[in-house]
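Trainee: Next up is a structure, given as structure tokens.
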Amino acid sequence: MVEYEAEELFAQPDAELAERAMRELSWAERLTISKMNPATGTENVDVYNLPHAVLHLFGTRWDRLLLDGSRAGIAYVDTTRFVAWLGDVVGDKALAEAVAECFAQDVSYEEKIEAIKPLFKERMSQYGALMIETAVE
Amino acid sequence: MATGGYVGKILYVNLTDGRIEEIPTSKYEQWGGGHGMGSAVFFDLVKDKTIDGFDPENVVTFMTSPFSGTLTPSASGRTEVQGIGVQSYPVGWFTRANFGGRFSAELKYAGWDGIAIQGKAEKPVWINIVNGEVSIEDAVGIWGLNTHEAQQKIWSIVGGDEAENGEWRGMSTGRDSGRTTQRPAVVTIGVAGENLNRNAMLLHDSGNSAGQGGFGGVLGSKNLKAVSVVGTGSVPVADPAALMDLRMELQAGFAYNVEEPVLEAPMADFPFYGIITRSPGASTVMWKGKDHPNRPQGCIGCFRACRRRWENGVANGDGCAESTYWMMGTQDENMAATHLLDQLGLNHYDAKNYSYLLALYKMGILGPGMQIDTKLPFENYKSYAFIEAYTKAIANREDIGADLAEGFARAAEKWGRYEEDTTSGILALPNWGFSEHYDPRIEVEWSYGSILGDRDINEHGLNTHVHWAPQVQAMVKQAPLVPAEQLVNLIAEATGLEPEGWDYSPDGIYADAKIAAVAWHRHYSRFWIQSMGMCDTAWPMLVNQVSEDHKGATPEYEPRLFEAVTGTVLSYEDSLELGRKIWNLDKAIWVLQGRHRDQEVHTGYVYSVPTTAPYFLPAKVDGVWDYSTCVGRTLDREKWEGVKTRFFELEGWDPATGWPTRATLEALDLSAVADELDAAGKLGA
């Protein structure tokens, strides 16, 4: 499995990219995630921002990403569509490429999601810091 | 004649004139119990089956089974609720709901096999049952309370609430009438039911709910807040030693071994896997124990104990879909949202469609000053404040909650959006206005059974084996515990059907073998699950994930348990025939309500929007069995019509209308039912 040092992968985003990536999306820009569990079956959930997608995919609040683990269990996203959404809608080409590389590995879906966690941790931290910085200014 | 299992009488209460009467159980014993008895009692008491669910003449039954209150594993604690419902769309069909806990057992200990309630009280009341004494009580001081408060108030009135748990309590009927360690078992409605919400549920104890059908609203329309029962008697068991032996056998062979677990989850913190391992407390699917101390909790007599009781006392016993109601925010907020549903008496399975409203908000259709005008804080949809305001609005009929209290289907119709949104699938209500549960385009026992019946069937016993177990294992890339070919052979052996009955390939779901499997599912469920009160998270036990040969307990154990409890020999084949008889009686009632085959069609998206997520089920492709992802699937309208025709022929119903024929009904000893259909001009040709 590919393992990344996130700081080696992503250059610091600029404020414009951070603002675009973290914005609230429209109906047409939504991402659909399939939430699977034994009581409810498979439910399609529409998400309208990147943190919301992170919340579902990793099953926790994004600011507690590594603390909570996989509370939500199986949250399935079509990997091809997810990469396209990250690149074209969210606008983060670097993140989309890194995620695509992880998804190309011949491992289970659950391992793929685990593999992209560090990427999101790093990227969301970068975005968060930038947004705080912008707010302070 | 049974020598055990029944306690002899059914309670009839008429709220209009205050009549309290006894019906001999022996009159209905031929139906087994539970659903069968409830349908038969309803058929006899309600002369005009075309009435609305809110009509005072509607009868609501609470029925137990011979197994209720005994040590029959995973079959002692269920109560079957029936009557004309108000939830299904466009017609409020005669329907059923069910709840666990201890109400059914307490009712039997009080000497009653069931309750039938008819009429409407002049003012809010509750029914108080203490052994053989029954009274209709004024609900002043209880009406308006939430479901938990109402139960606590009734406990304080009936007695025993001041005692510590586990202490003996004497009942007010006198020293020699017996004692119990139990508080009264109360089933109640919340404010949603009082406000005649079509999705109002019934709640018992902390989190046992009868969700579907809108029976909370039906009881609300009768001015009936609650039914309380406490008993100090017992249930006769024909062969107690045999029953105990069977329980121990099932415990040893089919339950989770706490001391030496055979099968454990492949990773920590992955509670879903518990539905395969059957570890206690496993069905609380979304909440991790580490955030709050807790312990497993089960319905009375259960050997699986799938729920959890939490130290913080919030959402105790909520172990099913309701625990997924609100998944944003913290775990404490998730639990609080579910707890709120319980207290308001609102069914999660319709209220959960707030995601549809969010889509309309995002589309610029819903919001302040929009086409669907609302002041609900959709701009803060990720906050707990939103879900709290939204949930209370439905229960109290405020803002757009006034529309949503009629159910999402009726609300969408009022807004002029029903056809468009159920065709695109953004409002996924495939059958009779009920929310999608398991995928109607693939797992067709569920969708065929639902549209040919009256509601979302909500029967997980088969689904766990054919779908959920391979689904979990595929997603973690684990080899399936039971390979597809072995699985279908095991199920075929247990059901007596062909392996091809469990083929979910694009052709398999329309095959004759599948139609036979759907019929088997309806007949088995009608008798063993809904009439005998066997819990669908345990029964049928078609496959055993934790033994070497994976052979399940079905069909050997069900008849043995029946004989041990009732003293009556009932073959598996005869039990299915009884299930078919009950299914036919239900069908006759729906036909009298106006059912025709032309109505038995799913909403548009089922036929036009392909599935996108992997959904593992066994499929036979080019003669080889494997688990298929089933991606890209829709139902074919024309083929569905063909399935209906062949299903009706198999059931002995008129393929042109779907109505039962006289020959079929008379062969099932249902001549009186045939006469009533004939008189209504609705007997199948």
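The values are calculated or read from the model by the stated rules, or taken from the named source; none is laboratory data. These numbers come from a predicted model, not from an experiment. Note: ideal-geometry Cβ built from the backbone for every residue, glycine included; neighbour counts use all protein chains shown. Accessible surface areas use protein heavy atoms only, side chains included; no ligands, DNA or RNA. Shrake-Rupley method; radii C 1.70, N 1.55, O 1.52, S 1.80 Å.
Trainee: So which residues in segment A:23-48 are within 9 Å of chain B (Cβ to nearest Cβ), part of a loop (DSSP other than H, G, I, E, B) and either under 14 Å from the mean Cα position of the chain (by Cα) or modelled with pLDDT under 90 (or both), if there are any at all?
Mentor: A:30, A:38, A:39, A:40, A:48
Trainee: Restricting attention to segment B:414-433, report how many residues are within 26 Å of the chain's Cα centre (by Cα) and open to solvent by 10 Å² or more (accessible area, probe 1.4 Å).
Mentor: The number of residues fulfilling the criteria is 5.
Trainee: Residues that are aliphatic (A, V, I, L, M): find the helices (runs of 4 or more DSSP H) completely inside segment B:592-685 holding 2 or more of those.
Mentor: B:637-651, B:662-667, B:671-679
Trainee: Still on this structure: What are the pairs with Cβ atoms under 7 angstrom where one residue, in segment B:520-546, is over 15 Å from residue B:446 (Cβ atoms) and the other, located anywhere, is acidic (Asp, Glu) and assigned to a helix (DSSP H, G or I)? Sequence gap at least six, or different chains.
Mentor: Listed pairs, sorted by first residue: B:528/B:558.
Trainee: Which numbered condition trips up residue B:323, out of (1) open to solvent by 20 Å² or more (accessible area, probe 1.4 Å); (2) at the interface with chain A (Cβ under 9 Å from one of its Cβ atoms); (3) not hydrophobic (A, V, I, L, M, F, W, C)?
Mentor: The one condition residue B:323 does not meet is (1).
Trainee: Taking segment B:603-620, which residues are open to solvent by 10 Å² or more (accessible area, probe 1.4 Å) and in contact with a Leu (Cβ under 8 Å, 6 or more places away or on another chain)?
Mentor: B:603, B:607
Trainee: Please state which of the following conditions residue B:1 fails to meet, knowing it meets all the rest: (1) hydrophobic (A, V, I, L, M, F, W, C); (2) under 30 Å from residue B:256 (Cα atoms); (3) modelled with pLDDT under 95.
Mentor: So the condition that residue B:1 fails would be (2).
Trainee: If the requirement is being open to solvent by less than 40 Å² (accessible area, probe 1.4 Å) and among the basic types (Lys, Arg), which of these qualifies: B:639, B:644?
Mentor: Result of the check over B:639, B:644: B:644.
Trainee: Scan segment B:447-460 and give yes if some residue there is within 12 Å of chain A (Cβ to nearest Cβ), more than 20 Å from the chain's Cα centre (by Cα) and either in contact (Cβ under 8 Å) with a residue 60 or more places away in the chain or open to solvent by less than 10 Å² (accessible area, probe 1.4 Å) (or both), otherwise no.
Mentor: no
Trainee: Here is a follow-up. Taking only pairs six or more apart or across chains, which ones have beta-carbon atoms under 6 Å, a first residue in segment B:326-348 that is within 12 Å of chain A (Cβ to nearest Cβ) and under 18 Å from residue B:194 (Cα atoms), and a second residue that is open to solvent by 10 Å² or more (accessible area, probe 1.4 Å) and assigned to a helix (DSSP H, G or I)?
Mentor: B:348/B:322
Trainee: Moving to a separate point now. Checking residue B:312 against (1) under 24 Å from residue A:58 (Cα atoms); (2) part of a loop (DSSP other than H, G, I, E, B): exactly one of these is not met. Which one?
Mentor: (1)
Trainee: Which one is farthest from residue B:530 (Cα to Cα) among residues in segment B:586-600 that are buried (at least 21 other Cβ atoms within 10 Å of the Cβ) and touching a Pro at 6+ places or on another chain (Cβ under 9 Å)?
Mentor: Within segment B:586-600, the match that is farthest from residue B:530 (Cα to Cα) is B:591.
Trainee: Sticking with this structure for a sec: Output the qualifying pairs, or none if there are none: Cβ atoms under 8 angstrom, residues six or more apart or on different chains, first residue in segment B:386-406 and open to solvent by less than 10 Å² (accessible area, probe 1.4 Å), second residue assigned to a loop (DSSP other than H, G, I, E, B) and of a type in the set (Asp, Glu).
Mentor: Short answer, once both residue conditions are applied: B:393/B:399.
Trainee: Related question: Which condition from (1) in the same structural domain as residue B:523 (by TED's automatic domain parsing); (2) open to solvent by less than 30 Å² (accessible area, probe 1.4 Å); (3) not acidic (Asp, Glu) is the one that residue B:480 breaks?
Mentor: Going through (1) in the same structural domain as residue B:523 (by TED's automatic domain parsing); (2) open to solvent by less than 30 Å² (accessible area, probe 1.4 Å); (3) not acidic (Asp, Glu) one by one, residue B:480 breaks only (2).
Trainee: Sticking with this one: What residue, of B:3, B:50, is open to solvent by 30 Å² or more (accessible area, probe 1.4 Å) and within 30 Å of residue B:91 (Cα to Cα)?
Mentor: It is B:50.
Trainee: Here's another thing I want to ask about it. Answer yes or no as to whether residue B:453 is closer than 26 Å to residue B:83 by Cβ, in a loop (DSSP other than H, G, I, E, B) and of a type outside the set (Val, Ile, Thr).
Mentor: Taking the combined requirement at face value, the residue satisfies it.
Trainee: Just the residues that are under 25 Å from residue B:471 (Cα atoms) and either open to solvent by 30 Å² or more (accessible area, probe 1.4 Å) or β-branched (Val, Ile, Thr) (or both), please, taken from segment A:110-137.
Mentor: Matches in segment A:110-137: A:110, A:111, A:112, A:113, A:114, A:116.
Trainee: Sticking with this structure for a sec: Give the residues of segment B:70-109 that are aliphatic (A, V, I, L, M) and open to solvent by 10 Å² or more (accessible area, probe 1.4 Å), sorted by residue number.
Mentor: Answer for segment B:70-109, where residues must be aliphatic (A, V, I, L, M) and open to solvent by 10 Å² or more (accessible area, probe 1.4 Å): B:71, B:91.
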